[in-house]
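The structure appears below as structure tokens.
The values are calculated or read from the model by the stated rules, or taken from the named source; none is laboratory data. Remember, predicted model here, so these are calculated numbers, not experimental data. Here Cβ is always computed from backbone atoms with ideal geometry, including for glycine, and neighbour counts include all displayed protein chains. Just so you know, the surface numbers come from the protein's heavy atoms only, side chains and all, with ligands and any DNA or RNA stripped out. Shrake-Rupley method; radii C 1.70, N 1.55, O 1.52, S 1.80 Å.
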Amino acid sequence: MSGNSSTMGSAVVISVLMVITGSINTISTKWADITESKDIRGEKTEFNHPFFQAACMFFGELCCLFVFKINEFRKGRAAAAGSNMRYVAIQNEDVGESPRSDEPTQWNPVIFLLPACCDMTATSLMYIGLSWTYASIFQMLRGSVMIFTGIFSVVFLKRKLGKHQWLGMVVVLIGLTLVGVSSIMGPSDSNNAPNPVGGVIVIVIAQLVQATQMVVEEKYLTKYEGIEPLQAVGW
């Protein structure tokens, strides 16, 4: 019981941190989009480089692979230090039990090629949409990924969703519809939201691609054992 409580508590903490860090990421990215500076011709222009922003994000994800390698190196040294204590394994030949292998299933990093392409495409599209619309609209429309992921998990992963999950998806859909309509019909700000309609469309398409990424990653993570989270993000 205590183990389930600690797991639930960890999940809640991680979810809250994801919301906080995601909001900081959105605000800082939008702040960069509306920042003006003089170019080589002396004219004021806004920083509008969504692909560069996506590349910076992927560099940060690549650093997770370095952290994973460092952790593996430390674990290897700790195991080597503890190898001084040797134990003799006694095999009873009278018991006809086949030795059990605890080695993880072998996997190839190429399995992350499709999720990585989806992630790069979705991130680039999201940053393009963010540069076209408001940060608040962008952050709320990102919730549409829950709807697409739920539908894809049913179709491709043969997952069965409960009634409360379908109800939650419907409520989210209604909320996102109201957000999208209000951003389109509301007054447009040429500086913060030069193309709100295009921004909404691009952001929703990005969530569709990201839902594909999540379903593919879940399929591989459940199929192959021994894939660490930092390793998956890095690859």
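The table below lists the values:
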read-out	value
Qualifying residue in region 53-61 (condition: assigned to a helix (DSSP H, G or I), at pLDDT 75 or above and of a type in the set (Phe, Trp, Tyr))	yes
Criterion (modelled with pLDDT under 75 and open to solvent by less than 60 Å² (accessible area, probe 1.4 Å)) met by exactly one of Ser98, Ser83, Ser124	Ser83
Residue satisfying condition, being closer than 20 Å to Asp119 by Cα, more than 17 Å from the chain's Cα centre (by Cα) and not aliphatic (A, V, I, L, M), within set Phe51, Phe73	Phe51
Filtered residues of region 166-194 (kept if at pLDDT 80 or above and either under 22 Å from Asn48 (Cβ atoms) or surrounded by 15 or more Cβ atoms within 10 Å (Cβ to Cβ) (or both))	Gly168, Met169, Val172, Leu176, Val179, Gly180, Ala193, Pro194
Residue that is farthest from Ala193 (Cα to Cα) [pool: residues in region 132-165 that are touching a Lys or Arg at 6+ places or on another chain (Cβ under 9 Å) and open to solvent by less than 20 Å² (accessible area, probe 1.4 Å)]	Ser153
Top-ranked residue in region 105-118 [being open to solvent by 20 Å² or more (accessible area, probe 1.4 Å) and in a helix (DSSP H, G or I); ranked as modelled with the lowest pLDDT]	Pro109
Selection within region 195-220 - more than 25 Å from Tyr134 (Cα to Cα), in contact with a helix residue (DSSP H, G or I) (Cβ under 7 Å, 6 or more places away or on another chain) and open to solvent by 70 Å² or more (accessible area, probe 1.4 Å)	Met214
Hits in region 27-72 - residues which are without any contact (Cβ under 8 Å) to a residue 24 or more places away in the chain, of a type in the set (Asp, Glu) and within 30 Å of Glu228 (Cβ to Cβ)	Glu72
Qualifying positions in region 6-35 - closer than 20 Å to Gly199 by Cβ and open to solvent by less than 100 Å² (accessible area, probe 1.4 Å)	Gly22, Ser23, Asn25, Thr26, Ser28, Thr29, Lys30, Ala32, Asp33, Ile34, Thr35
